[in-house]
Structure formats: structure tokens, C-alpha cells
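**Q** Take a look at this one; I'll ask things after.
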Amino acid sequence: MEEFEKLGARIINEDDTMVIYPRKEPVTYQVSSRQDHRIAMGCAIFALGLSSEAEIADAESVSKSFPQFYTYLEQLTV
């Protein structure tokens, strides 16, 4: 959750539910996947709604579960 909050998300956890709200502006555009493919993919998707590019350290961690992730993501954004 911390990396998403850096990108401007406001996250509320209740029971088995996570609700993610956008905030006004990100604290930073630089985050870390913490070498977790799920965080890398989630931050990349969330970053699509930002006004500037985000930099995700260890973004290649997606290769663990979805090596073509960034190829498909780019096709969706063209």
C-alpha cells in the first residue's frame, strides 16, 4: 500500500475489501516494486492515470508471472 500512496492513492481496507481512491497529487513519481510482481503491475496500471510518468524500481519483477505484461500494457495505451 505504501508505494501506491506515494503515487497519490488513498487506500482503505475494510474486512476483505480494499478501496483505492485517487488523491490530488502524488508525493513522488518514484516507487519500488520491492521485487514483487504484483506491486510492479499494480503501480504500472495506477500510473496510467497520473499526469507525469512514474518510475518503478525493479519493474522487471513482472517476469515471474507475466513476462509480456509491459508489451500488453503498451498496446492498451496506444
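The values are calculated or read from the model by the stated rules, or taken from the named source; none is laboratory data. Everything numeric in this text was worked out from a predicted model, so none of it was measured. Glycine gets a Cβ as well: all are built from the backbone with ideal geometry, and neighbour counts include every protein chain shown. Heads up: the accessible areas ignore ligands, DNA and RNA and are worked out on the full protein's heavy atoms, side chains in. Shrake-Rupley method; radii C 1.70, N 1.55, O 1.52, S 1.80 Å.
**Q** Answer with yes or no whether SER63 is in a loop (DSSP other than H, G, I, E, B) and out of contact with any strand residue (DSSP E or B) (no Cβ under 9 Å at 6 or more places or on another chain).
**A** So SER63 does not fit the description; no.
A quick yes/no check of all residues on (1) touching a His at 6+ places or on another chain (Cβ under 6 Å); (2) at positive phi; (3) not hydroxyl-bearing (Ser, Thr, Tyr):
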{"position": "GLU5", "(1), (2), (3)": "no, no, yes"}
{"position": "ALA9", "(1), (2), (3)": "no, no, yes"}
{"position": "THR17", "(1), (2), (3)": "no, no, no"}
{"position": "VAL31", "(1), (2), (3)": "no, no, yes"}
{"position": "ARG34", "(1), (2), (3)": "no, yes, yes"}
{"position": "LEU48", "(1), (2), (3)": "no, no, yes"}
{"position": "GLU60", "(1), (2), (3)": "no, no, yes"}
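**Q** I'd like the residue in the stretch 1-35 that is touching a Ser or Thr at 6+ places or on another chain (Cβ under 6 Å) and open to solvent by less than 100 Å² (accessible area, probe 1.4 Å) and, out of all such residues, is nearest to PRO67 (Cα to Cα).
**A** Within the stretch 1-35, the match that is nearest to PRO67 (Cα to Cα) is SER33.
**Q** Check ALA9 against each of (1) small (Gly, Ala, Ser); (2) out of contact with any strand residue (DSSP E or B) (no Cβ under 6 Å at 6 or more places or on another chain); (3) at pLDDT below 95 and name the one condition it does not meet.
**A** (2)
**Q** Every residue in the stretch 66-78 that is among the hydrophobic types (A, V, I, L, M, F, W, C) and either within 15 Å of ARG38 (Cβ to Cβ) or in a helix (DSSP H, G or I) (or both), please.
**A** PHE66, PHE69, LEU73, LEU76
**Q** Can I ask one more? Please enumerate the residues belonging to the stretch 36-51 that are among the aliphatic types (A, V, I, L, M), open to solvent by less than 50 Å² (accessible area, probe 1.4 Å) and within 23 Å of SER63 (Cβ to Cβ).
**A** Listed by number, the residues that qualify are ILE39, ALA40, MET41, ALA44, ALA47.
**Q** Looking at the stretch 43-60, which of the residues that are part of a loop (DSSP other than H, G, I, E, B) and among the charged types (D, E, K, R) is nearest to MET1 (Cα to Cα)?
**A** Looking at the filtered set, the residue picked out is ASP58.
**Q** Please indicate, with yes or no, whether at least one residue in the stretch 14-22 is hydroxyl-bearing (Ser, Thr, Tyr) and modelled with pLDDT of 95 or more.
**A** Yes: one or more hits.
**Q** Sort out which residues of the stretch 45-60 are of a type in the set (Gly, Ala, Ser) and touching a strand residue (DSSP E or B) at 6+ places or on another chain (Cβ under 6 Å), and write them in order of number.
**A** Within the stretch 45-60, just ALA57 meets the criteria.
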